[in-house]
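Read the structure below first, then the notes.
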Amino acid sequence: MLQRNNRWPASVLGVMLYTLVFIFAHHFWLATAAQAVRGQPELLLFLLPGMLMALLQPERPLIATLWGALAGSVLGLAWLMLAVPMTHSVLLVVAWGLSALFWAGCGALLVRLLRIMLAMRAG
């Protein structure tokens with residue numbers, strides 16, 4: 001268990017990982033319409049920051065993950081708006097960001113499910 005004074009470093013680490021995944025997976029903005037139809041499996045990478053945040057903050061895994069993902073989305077979007085010219089609508093970017101939040105939350109819930117299953121097996 002993390003001590004109370006270790007929550008901020010864990011949150012910052014989760015936000016940094018989420019932001020890096022956000023920036024890494026942004027290449028869909030540069031794709032053409034024909035390539036965008038194929039799906040976006042890179043969104044599954046957002047399971048990793050969700051799982052990390054759930055492991056680092058076990059007392060409130062989903063809330064910590066969603067707050068970290070929201071902060072990471074804002075930072076990643078700000079970074080990309082400065083570095084890459086936006087060719088898609090803001091609505092598409094917001095929808096993609098919400099999908100990334102969903103997958104990060106799924107990662108946190110997966111860790112929670114595994115903890116419950118292990119506790120039932122041990123008990």
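The values are calculated or read from the model by the stated rules, or taken from the named source; none is laboratory data. Bear in mind that the values here come from a model prediction, so they are computed numbers and not experimental data. Every residue, glycine among them, receives a Cβ derived from its backbone with ideal geometry; neighbour counts consider all protein chains shown. Quick note on the areas: whole protein, heavy atoms, side chains included, nothing else; ligands and nucleic acids left out. Shrake-Rupley method; radii C 1.70, N 1.55, O 1.52, S 1.80 Å.
The set of residues in the stretch 43-61 being touching a residue at least 12 places away in the same chain (Cβ under 8 Å), more than 13 Å from L17 (Cα to Cα) and open to solvent by 60 Å² or more (accessible area, probe 1.4 Å) consists of L44, L55, E59. Filtering G97, G105, G123 for residues that are surrounded by 18 or more Cβ atoms within 10 Å (Cβ to Cβ) and modelled with pLDDT under 90 leaves a single hit, G97. Within the stretch 65-80, which residues are open to solvent by less than 90 Å² (accessible area, probe 1.4 Å), free of Cβ contacts under 8 Å to residues at least 12 places away in the same chain and under 10 Å from F22 (Cβ atoms)? Scanning the stretch 65-80 gives no hits. Note on the stretch 56-93: among residues that are of a type in the set (G, A, S) and farther than 21 Å from G107 by Cβ, the one that is modelled with the lowest pLDDT is S89. Search the stretch 81-104 for residues that are under 16 Å from I63 (Cα atoms) and pair each with any residue that is among the hydroxyl-bearing types (S, T, Y) when their beta-carbon atoms are under 6 Å apart and the residues are at least 6 apart or on different chains. Here the result reads A104/T65, each pair linking the stretch 81-104 to a residue that is among the hydroxyl-bearing types (S, T, Y).
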